[in-house]
1. Search the stretch 69-86 for residues being among the acidic types (Asp, Glu) and exposed (fewer than 10 other Cβ atoms within 10 Å of the Cβ), and hand back the single one that is modelled with the lowest pLDDT.
2. Collect the residues in the stretch 38-47 that are surrounded by 12 or more Cβ atoms within 10 Å (Cβ to Cβ) and either within 30 Å of residue 16 (Cβ to Cβ) or modelled with pLDDT of 70 or more (or both), keeping them in residue-number order.
3. Looking at this structure, is residue 59 surrounded by fewer than 12 Cβ atoms within 10 Å (Cβ to Cβ), outside any loop (DSSP other than H, G, I, E, B) and modelled with pLDDT under 90?
Amino acid sequence: MSTATLQQFGQSLPSWLALVQRGETVAIMDGGLEVARLVPPEKPKAVDALAASLPAANAEWVKHRLQELEEIFPEPVIGATEELEAFRADRF
């Protein structure tokens, strides 16, 4: 995270905004205290990005279908302990 005083920020606003556009956070300080923070916007989900690139009718169908698939095939969460126990059970 970069930091800038109010004076620095005001004198070179385009430079600070360029940093934020590249994904960096900038803290704006006044008298040693942070008074503001510029953060890059959140990136859209892949589903939303895909839907945005399609014609409206197809975009809604694709978005709905991908949500259905995510419900059917959620990402499994497997803890290391469970994996180790399964591995040991196979050995003995």
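The values are calculated or read from the model by the stated rules, or taken from the named source; none is laboratory data. Being a predicted model, the structure only gives us computed values, none of them experimental. Note that each Cβ is placed from the backbone with ideal geometry, even for glycine, and that neighbours are counted across all protein chains shown.
1. Keep residues of the stretch 69-86 that are among the acidic types (Asp, Glu), which gives 70-71, 75, 82-83, 85.
Okay, now just the ones that are also exposed (fewer than 10 other Cβ atoms within 10 Å of the Cβ), so 71, 75.
Values: 71: 83, 75: 70.
The extreme case among them is 75.
2. Taking the stretch 38-47 first, the residues surrounded by 12 or more Cβ atoms within 10 Å (Cβ to Cβ) are 38-40, 47.
Of everything in the stretch 38-47, those that are surrounded by 12 or more Cβ atoms within 10 Å (Cβ to Cβ) and either within 30 Å of residue 16 (Cβ to Cβ) or modelled with pLDDT of 70 or more (or both) turn out to be 38, 39, 40.
3. Details: surrounded by fewer than 12 Cβ atoms within 10 Å (Cβ to Cβ): no; outside any loop (DSSP other than H, G, I, E, B): yes; modelled with pLDDT under 90: yes.
So residue 59 does not fit the description; no.
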